[in-house]
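Shown next, in structure tokens, is the structure this report addresses.
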Amino acid sequence: MLRVAVCCLLAFMVVAGCGGETDQLTPREVAEAYVDALNHRDGAKVCALYSDDYKRQLAHFYSSCESFYEKDPDPFSRARYGLFLQSVQVRGDHAKAMMATRRGPETTCSFELAQVDGEWRLTGQGI
């Protein structure tokens with residue numbers, strides 16, 4: 001009986017991640033979170049996924065990332081088209097993701113990600 005209990009405990013520890021696993025997101029998970037935030041019009045989540053450098057780039061046009069989403073009447077105009085993640089290509093500590101629309105005119109857009117201080121962040125937009 002003790003042997004069964006020990007085996008169950010060890011199995012639980014492995015499943016629960018007690019072997020030094022990290023909670024860091026992969027580039028695909030960050031890209032999916034970004035697309036999901038756009039689709040749900042969640043400006044705070046979008047901004048949280050940007051790198052500090054990218055937020056500073058936005059600050060040239062707006063006082064902050066958050067202010068962009070507060071001032072723009074429809075910052076997620078693409079959201080009504082149902083964005084989805086098409087692909088993510090990882091090259092070392094950089095990645096490029098492609099998203100597209102499910103409805104309306106077919107549109108694709110790329111965005112860049114990079115590992116910043118051990119976490120994947122969005123670092124720029126493409127076309």
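We did not get these values from a lab; they are worked out from the coordinates using the rules stated. Just so we're clear, the structure is a prediction, and the values are computed from it rather than from any experiment. Glycine also receives a Cβ, built like all others from the backbone with ideal geometry; neighbour counts cover every protein chain displayed.
Things to note:
- Whole-number percent relative contact order across region 25-125, with pairs defined as alpha carbons under 8 Å at least 6 apart: 27 percent
- Spin-label model distance (nm) - Thr107 vs Tyr62, 7 Å beyond Cα toward Cβ: 1.6 nm
- Counting other Cβ atoms within 10 Å as a rough exposure proxy, the listed residues Glu119, Glu112 run Glu119, Glu112 from fewest neighbours to most.
- Dipole orientation for region 25-125: of the candidates Ala37, Phe84, Val116, Phe84 has the Cα lying most toward the positive pole (charges on Cβ; Lys, Arg +1; Asp, Glu -1).
- Sparse-neighbourhood loop sites, trypsin sites (Lys or Arg not before Pro) in region 89-121 - DSSP loop, at most 10 other Cβ within 10 angstrom: Arg102, Arg103
- Full extension of the chain between Arg28 and Val116 gives 30.2 nm of extra length, using 0.36 nm per residue less the Cα-Cα distance.
- Cα gyration tensor category, rounded, prolate or oblate, for region 25-125 with a/c compared to 1.5: oblate
- Note, ³J(HN,Hα) from phi for region 55-63, Karplus 6.51, -1.76, 1.60, rounded to Hz, x at Gly and Pro: 4, 5, 4, 5, 5, 5, 10, 9, 5
- Less than 5 angstrom separates the built amide H of Gly124 from those of Glu112, all sequence-distant by 5 or more or on a different chain.
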